[in-house]
1. Which values, in whole Å and largest first, are the semi-axes of the equivalent ellipsoid of the chain obtained as the square root of 5 times each eigenvalue of the Cα gyration tensor?
2. Report, in degrees rounded to the nearest 10, the 0 to 90 angle that the Cα long axis of helix 108-117 makes with the longest principal axis of the chain.
3. State the percentage of accessible surface on the chain attributable to carbon and sulfur atoms; use a 1.4 Å probe and exclude ligands, DNA and RNA.
4. Taking square-rooted eigenvalues a ≥ b ≥ c of the alpha carbon gyration tensor, is region 196-249 rounded, prolate or oblate, where a/c under 1.5 means rounded and, failing that, a/b exceeding b/c means prolate?
5. Per residue of region 96-105, what does 6.51 cos²θ - 1.76 cosθ + 1.60 with θ = phi - 60° give for ³J(HN,Hα)? Whole Hz please, x for Gly and Pro, Karplus curve as stated.
6. May I ask for the angle, rounded to the nearest 10°, between helix 54-64 and the longest principal axis of the chain, with both axes built from Cα atoms and the value confined to 0 to 90°?
7. Out of residues 5 or more away from Tyr47 or on other chains, whose amide H comes under 5 Å of its own, with H placed 1.01 Å from N in the peptide plane?
8. Among Thr55, Thr197, Thr222, determine the one that fluctuates most according to a GNM of the chain built with springs between C-alpha atoms less than 10 Å apart.
Amino acid sequence: MIPYGKQDINQADIDAVTAVLKSDFLTQGPQVPAFEKAVAAHTNAAYAVAVNSATSALHIGCLALGLKSGDSLWTTPNSFVASANCGLYCGAKVDFVDIDPATYNLCPEQLKAKLATAKQPPKVLVVVHFGGEPCDMEAIAALAKQYKFQVIEDASHAIGGRYQDQPIGNCQYSALTVFSFHPVKIVTTAEGGVITTRSKEVAERLGELRSHGITRNPERMTKAPDGPWYYQQIELGLNYRMTELQAALGCSQLQRLDEFVARRQQLADQYDELLAGLPVRSQQRNGNNYSALHLYVVEVPATSRRAVFESLREQGIGVNVHYIPIHTQPYYQGVGFREGDFPAAEHYYSGAISLPLYATLTDAEQQEVVAALRHALTEHAS
Ligand SMILES: *Cc1c(COP(=O)(O)O)cnc(C)c1O
């Protein structure tokens, strides 16, 4: 089976993790700060805070921006459920903004229209760089300024990418950027996430929230320390810490980030060429940006999607579908959303298939994928 995504672990990665196992610190040692520094360097971010997943990163990111009961968070329906769940964790209401049918990203025009008629703007907007393709951040930031909300970039698909020649994660147009290091993503720490920000205060608060709301900074305490052992819990935090093993793997993987993304770019360009002439559509990529290309999605006619998907699986191609619109999940139906609420995301979903794309996919394997797709489409022409 050719999977849709796969990590690439080399001997240097294994050696880095083994060295930590033989060291004094399995957690809370030097590797996590080193990983944070490396992510900050790669993304041109002022501060980076590592946690145990992007889900955790989104949660404490929302907490650090003050999201609470009575507030609302808006996001795209075309994402993994974590992009929306973070609002609910904070007791806020969640709502969605439909996607642009060409880029599959949250549509700035739809956002503008929704803001114009909303009783209250959101406190936080989570945008997702779907498949690695950057959102229209300039337009979104202009609306954020006008309507006074904060923007979180869920860049789980987008490390190593650039928006208008600036690295994703530099937070030029957002308060925070969140990355995921799950094995299907661009680089991995097994489980793990990072938040980047330009704000020293927010970074400090994130550091506290990931570890029980505890500070060791005397300036943040309500009284002078009792002694060198002293710490204070100043708010209700969590244990979202990343381990040393994960951070060491991350440091090692980051050394190959640019190489991984370059290969994904090459494979995507080849898909574009190989698929020309087939009755499929793929994501529009803006030439002014550089997508990290977490995903290569094709849209096939909705009437044949299921048959094409099953045929590909039978032919040994591990295709997948990203994403089932969040608002159609039973949990979200339970809080009042209905099918039909976000038609562009639903229409996109009805035809979407994610083809295999990862750095070690060979040209021969890619040709096998395309041949299988051609076969499936011919068999199930609608
Ligand atoms: C993978 C993913 C997440 C969650 O990442 P974890 O690290 O698994 O918690 C959140 N948002 C998006 C868009 C993702 O793809």
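1. Numbers: eigenvalues 254, 143, 57 Å².
In descending order, the three semi-axes are 36, 27, 17 Å.
2. Approximately 60 degrees, to the nearest 10.
3. On the way: 8470 of 16540 Å².
Using a 1.4 Å probe with all protein chains present, the chain comes out at 51 percent carbon and sulfur.
4. On the way: a/c = 2.09, a/b = 1.52, b/c = 1.37.
The shape class here is prolate.
5. 10, 10, 5, 9, 7, x, 9, 9, 6, 8
6. It works out to around 50 degrees.
7. Thr197
8. Taking springs between Cα atoms under 10 Å, the residue moving most is Thr222.
The values are calculated or read from the model by the stated rules, or taken from the named source; none is laboratory data. None of the values given here were measured: they were computed from a predicted structure. We place every Cβ from the backbone using ideal geometry, glycine too, and count neighbours over all the protein chains shown. Heads up: the accessible areas ignore ligands, DNA and RNA and are worked out on the full protein's heavy atoms, side chains in. Shrake-Rupley method; radii C 1.70, N 1.55, O 1.52, S 1.80 Å.
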